[in-house]
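Participant: This is the structure I have questions about; it appears just below.
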Amino acid sequence: MPGSASPAPSRRGSRPLWFNQPGGMTGLSPMLARGVLALLILLTVIGYASQGTFDPVADRLPPVATTILDHVRHGVSFYPAALDALRENERALRPAMFAVPLPALFVTLGMIPAWAWHLGLMLLGLAMLAGWLRRVAPLLDGRGPMALAAILLLAGLYPLVARPMIAVPEAWAGVLIALSLVQRRPEAGLSAVALGLVAMILTPVALPYALVMLVLAARAGARREAIGWMSAIAVALLVLAAHGHALGPLVTPIDPAMGGPIQLIAPGTLIASIASVQAVGVLPMAVVVPLAVLAALGWTHWRQPVARRAGITLAVYALLALVTGSPAMVLGVSPLLFLGVVFAPDAVRELILAARGQRRRITVTRVVR
C-alpha cells in the first residue's frame, strides 16, 4: 500500500565478532575511544609494574577454617573451637565481632557427612554456572564464545568447591552472591534477597553486596525489593550483634588485635590474589594481567541490568580488597570477574573502529507496496 513503510536496518562494515547487540563501547567519539584505549594500556602497565609478594588466599583462609571445622566435628563447641584455632594459627582475635568467623557454616557442616559438604557446594556452583550461561546464551553468536564462557565460569568456580576452600565461609558466600546476582529479576527480586541473606549469615563479607543491591533497588524504584534488602540487612546485623555479644566474655584485652582497616595493596598484587583462587592462576602473570583488564572492559561493554549490577558489585569488592588488603574480599570478585573476557573482543573492536573515526552506520530503507 503506498505510503506504508517498514524499517529494515542493516549494518555496513564488519559484523560483530561474538556479541550480537550494541554495547557500552559502541558509538563513542574518536577522542573518547582513544582515551579508553590509552587507559587500558595504562592499567595493563600498572598491573605489570605493581606486582608484589602476597600470601595466596588458599594459604591464608583455609588453615583457620579447617581447624575450626575439625574441632567442631569432634564435639567442641563452636566458640572455644574458633578461639583455639585462631590462637593456634597466630591470628588476631579483636575486634571479636569481625575477627572470629560466624558460626552458621561450621555448625551446619559439623552435623552432616563430608560428602554432603562437597555435594552441596558443587550443586550451588552448578546452579550459578547454569544461571549465568542462560543469561549470556542469547547474546553470543556461535558455540565458541559459549564454550569460552563456560570455561571461564568453571575457572572461577573450581577452587572454591575443592578442599580445603570448602570450609571457608567466604567461598560459599562468593558463590551465593554470584547466584543471587543472576537470579535477580524485576519480578523475582526476593529470591536474590534470600540468597544474599544466607550469604550474610555465613559471613559479614556479604554485607557490601547487600548494600549495593539496596541502593540499586531504591534508585530503580523497586520498592518491594528495596524493603527486602533492608530487612535482610537488619537480620544480618542482628546476627552479627549476637555473635559479638557471645564473644564478649571469651576475648580478653591481651588477645592480639587486627591492624588498622586501611591496608593498601597494589593493583598487580590484587590481580595475582584473585588469580590465586581461580584456575586462571595456572597461567603466567604476563597473561593474567591483560586478561583481568580485558575482563573489566567486557563487563563495562555489556549494558543489560544484570551486567550493570554485577559490574558494580565486582568494582566495590575490588576496591575494598585494594584498600583493606583483605583476602576475604577477593572471594567476592573471583567467581565472576573473568567472565567479562567473553565480551572484550567486541569492546576492543568497537573502540578501535571509533578511534579511527569509523562509526557503524544504520541504513533505513522505505519499502512502498
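The values are calculated or read from the model by the stated rules, or taken from the named source; none is laboratory data. Remember, it's a predicted structure, so these values are computed and weren't measured experimentally. Cβ coordinates were reconstructed from backbone atoms using ideal geometry, including for glycine residues, and neighbour counts include every protein chain displayed. Please note that ligands, DNA and RNA were not included when accessible areas were found on the heavy atoms of the full protein model with its side chains. Shrake-Rupley method; radii C 1.70, N 1.55, O 1.52, S 1.80 Å.
Participant: How do the peptides 98-107, 35-44, 270-279 rank, highest first, by the average count of neighbouring beta carbon atoms within 10 Å per residue? Write down the numbers at each step before the final one.
Facilitator: Details: 98-107: 21.2, 35-44: 15.0, 270-279: 24.1.
By packing density, highest mean first, the sequence is 270-279, 98-107, 35-44.
Participant: Using the basic label-point model (7 angstrom from Cα toward the beta carbon), what is the residue 38 to residue 20 distance in nanometres?
Facilitator: With each label placed 7 Å out from Cα toward Cβ, I get 3.7 nm.
Participant: Compare the peptides 139-146, 76-83, 311-318 by average per-residue count of other Cβ atoms within 10 angstrom and give them in order, highest first.
Facilitator: 311-318, 76-83, 139-146
Participant: Given R₀ = 25 Å, what would the calculated FRET efficiency be for residue 231 paired with residue 304, taking r from the Cβ atoms and rounding to 0.05?
Facilitator: 0.40
Participant: Let me ask something else about it. Give the range of the longest stretch in the chain that excludes all GluC sites (Glu not before Pro) found in loop regions by DSSP and having at most 12 other beta-carbon atoms within 10 Å.
Facilitator: Formally, the longest exposed-site-free interval is 188-369.
Participant: Mind ranking 192-204, 51-63, 239-251 by how tightly packed they are, going by the mean number of other C-beta atoms within 10 angstrom, highest first?
Facilitator: With the highest mean Cβ count within 10 Å placed first, the list reads 192-204, 51-63, 239-251.
Participant: Looking at the square roots a ≥ b ≥ c of the eigenvalues of the Cα gyration tensor of region 1-151, which shape do they give, rounded for a/c under 1.5, prolate if a/b is larger than b/c, or oblate?
Facilitator: On the way: a/c = 3.69, a/b = 2.01, b/c = 1.83.
Prolate is the answer for region 1-151, as a/c is 1.5 or above and a/b outweighs b/c.
Participant: How big is the gap, in Å, between the Cα center of region 139-182 and the Cα center of region 283-349?
Facilitator: Here the two parts' Cα centres lie 13 Å apart.
Participant: Compute the acute angle (0 to 90°) between the alpha-carbon long axis of helix 189-202 and the principal axis of greatest extent of the alpha-carbon atoms of the chain; round to the nearest 10°.
Facilitator: 30 degrees
Participant: Right, something else. Tell me, what does the Kirkwood hydrodynamic radius of region 250-369 come to in angstroms if you use every pair of distinct C-alpha atoms?
Facilitator: Taking the inverse mean of 1/r over all distinct Cα pairs, region 250-369 comes out at 17.0 Å.
Participant: For the chain, build the charge dipole from Cβ charges (+1 Lys, Arg; -1 Asp, Glu) around the Cα centre, then report which of 66, 49, 215 sits farthest towards its positive end.
Facilitator: 215
Participant: Moving on to the next point. How large is the direction-averaged shadow of the alpha-carbon convex hull of the chain, in nm²?
Facilitator: Details: hull surface 88.0 nm².
It is 22.0 nm².
Participant: Karplus couplings for region 116-125 from phi (6.51 cos²θ - 1.76 cosθ + 1.60, θ = phi - 60°), rounded to Hz, Gly and Pro as x?
Facilitator: With the stated coefficients, region 116-125 comes to 5, 4, 5, 5, x, 5, 5, 5, 4, x Hz.
Participant: Moving to a separate point now. Local charge sum around residue 263 (other residues, Cβ-Cβ under 14 Å, Lys/Arg +1, Asp/Glu -1)?
Facilitator: In short, 0.
Participant: Given only helices, namely DSSP H runs of n ≥ 4 each adding -39500 (n - 2.57), what is the per-residue ellipticity at 222 nm of the chain, to the nearest 500 deg cm²/dmol?
Facilitator: -20000 deg cm²/dmol
Participant: Given a 1.4 Å probe and every protein chain left where it sits, what share in percent of the accessible area of the chain is carbon and sulfur?
Facilitator: Result for the chain: 68 percent of the exposed heavy-atom area is carbon or sulfur.
Participant: Sticking with this structure for a sec: In Å², and per residue, what accessible area does the chain have when probed at 1.4 Å with the other protein chains present? Can you show the working numbers first?
Facilitator: Details: 17470 Å² over 369 residues.
Here the per-residue accessible area is 47 Å².
Participant: Using 7 Å Cα-to-Cβ label points, what is the residue 154/residue 127 separation (nm, one decimal)?
Facilitator: 2.2 nm
Participant: Relative to the longest principal Cα axis of the chain, at what angle does helix 169-183 sit, 0 to 90 degrees, rounded to 10?
Facilitator: 30 degrees
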